[in-house]
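Undergrad: Take this structure first; my questions come after.
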Amino acid sequence: MLLPRPRGRLTSALLEALRSDDASALAAAPATAPADPVADDDLQLALWVCFELHYRGFDDVSDSWEWQPKLIALRAELESMMLSALRRDLTVEVRGNTMAERLQAVVEAYDGPQLSRFMQTQASREQFAEFVIHRSIYQLKEADPHSWAIPRLAGKVKAALVEIQADEYGGGDPNRMHSELFRKLLRGFGLDDEYGGYLDEAPGITLAISNIMSVFGLRRDLRGALVGHLAAYEMTSSGPCRRYAKGLRRLGATEATCQFYDAHVVADALHEQLAAHDLCGALAESEPGLAGDVLFGAAACLHIDNRFAEHVLGCWADDRPSLLPRSASHDLESAAGTALSQAL
Ligand SMILES: [Fe+2]
Ligand SMILES: [Fe+2]
């Protein structure tokens, strides 16, 4: 993957520093946070690029940048802006006796726009292709951010997380890795299945879905939030995935194209139990001080996903694309129009 295009003052300086291998070109974080850090295109892209140095990196950036002190300091400032906005905007309802019950209450409190119902019953092929492009930002690295928690946990909490993650990574079969199943989905739409292939088109709120997992994942002090995030993700996956699969079949998709969602209908029905009880429940018992963070992580997951759904459905209601203007190399119209009609 190559560095993306800049989107503002922050990313212009950051990308220039990375490209020229010159840390002195890095700009300091802005003195005040943007009005809406969670959806800010410039801030979220800067965070995504900083985090990516810990995952696969960029072909045009030296791997030695991963722990560059000035870049880490900049990233920490941007993370704080995102976390402060979330702590300000989120209400975490504490209802129920057990951690699993409390997580369920958070899930119910954040019951948001029904994007999956729209995709099931109404979305056009072009809209489904657009949705899949948004999702590719995280799904092509599916499960990686939550793996950061493994060395930070112990005993049955660690065992529960490893059980979930082993499934996400295909149980030893690379063809069953969930990220690989997502690549089949992209190919079914005639889209680019390369990791990060649509980074330039992803708006801030789409990047935030991926970034919040990295914020939690790379900070040991937020390990409770990371597992809470995973629980909320798993607890709200099986039903929507069933609807996405139905939407794909309504559009005439092949079995291979539907496999990603079909697999999640089954897998996440189990993962949700593991995550709520064996992972978060056991963590709250062994480290009670983390219980509040578990619920915060769950609420952050659902809040950002609701904002993403509002963005996408709002754009479509106004007959506007929900992606940033595409580059010539990713012509969505030709991908969704020509290839879809052949492949689906
Ligand atoms: Fe998965
Ligand atoms: Fe899962």
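Undergrad: Looking at ALA309, ALA291, can you tell me which residue is at pLDDT 95 or above, closer than 30 Å to SER124 by Cα and aliphatic (A, V, I, L, M)?
TA: Every option except ALA309 fails the conditions.
Undergrad: Could you look through region 77-108, keep only residues that are of a type outside the set (Ser, Thr, Tyr) and out of contact with any helix residue (DSSP H, G or I) (no Cβ under 8 Å at 6 or more places or on another chain), and pick out the one that is nearest to ALA28 (Cα to Cα)?
TA: GLU77
Undergrad: Now for a different question. Quick one: how many residues across region 145-171 are part of a helix (DSSP H, G or I), within 18 Å of GLY228 (Cβ to Cβ) and open to solvent by less than 40 Å² (accessible area, probe 1.4 Å)?
TA: Total satisfying the criteria: 9.
Undergrad: Ok, one more. Test each condition in (1) farther than 16 Å from HIS146 by Cβ; (2) open to solvent by less than 20 Å² (accessible area, probe 1.4 Å); (3) in a helix (DSSP H, G or I) for HIS277 and report the one that comes out false.
TA: Going through (1) farther than 16 Å from HIS146 by Cβ; (2) open to solvent by less than 20 Å² (accessible area, probe 1.4 Å); (3) in a helix (DSSP H, G or I) one by one, HIS277 breaks only (2).
Undergrad: Only one of ALA245, ALA256, ALA232 is in a helix (DSSP H, G or I), small (Gly, Ala, Ser), more than 19 Å from LEU86 (Cα to Cα) and within 16 Å of ligand 2 (Cβ to nearest atom). Can you tell me which?
TA: Exactly one of ALA245, ALA256, ALA232 is in a helix (DSSP H, G or I), small (Gly, Ala, Ser), more than 19 Å from LEU86 (Cα to Cα) and within 16 Å of ligand 2 (Cβ to nearest atom), namely ALA245.
Conditions (1) within 15 Å of GLY228 (Cα to Cα); (2) part of a helix (DSSP H, G or I); (3) in contact (Cβ under 8 Å) with a residue 24 or more places away in the chain; (4) β-branched (Val, Ile, Thr), marked per residue:
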{"site": "GLN273", "(1), (2), (3), (4)": "yes, yes, no, no"}
{"site": "LEU283", "(1), (2), (3), (4)": "yes, yes, yes, no"}
{"site": "ALA300", "(1), (2), (3), (4)": "yes, yes, yes, no"}
{"site": "PHE308", "(1), (2), (3), (4)": "no, yes, yes, no"}
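Undergrad: Out of region 221-249, which residues are closer than 12 Å to SER147 by Cα and open to solvent by 10 Å² or more (accessible area, probe 1.4 Å)?
TA: ARG223
Undergrad: Now, a different point. Restricting to region 182-196, and then to whatever is open to solvent by 20 Å² or more (accessible area, probe 1.4 Å) and assigned to a helix (DSSP H, G or I), can you tell me which residue is farthest from GLN259 (Cα to Cα)?
TA: ARG187
Undergrad: Grab the helices (runs of 4 or more DSSP H) fully contained in region 1-107, keeping just those with 1 or more residues being over 22 Å from THR206 (Cα atoms).
TA: In region 1-107, the matching helices (runs of 4 or more DSSP H) lie at 9-20, 69-89.
The values are calculated or read from the model by the stated rules, or taken from the named source; none is laboratory data. Treat the numbers as computed from the prediction; the structure is a model and nothing was measured. When we count neighbours, we look across all protein chains shown, and the Cβ atoms used for this are built from the backbone with ideal geometry, even at glycine. Heads up: the accessible areas ignore ligands, DNA and RNA and are worked out on the full protein's heavy atoms, side chains in. Shrake-Rupley method; radii C 1.70, N 1.55, O 1.52, S 1.80 Å.
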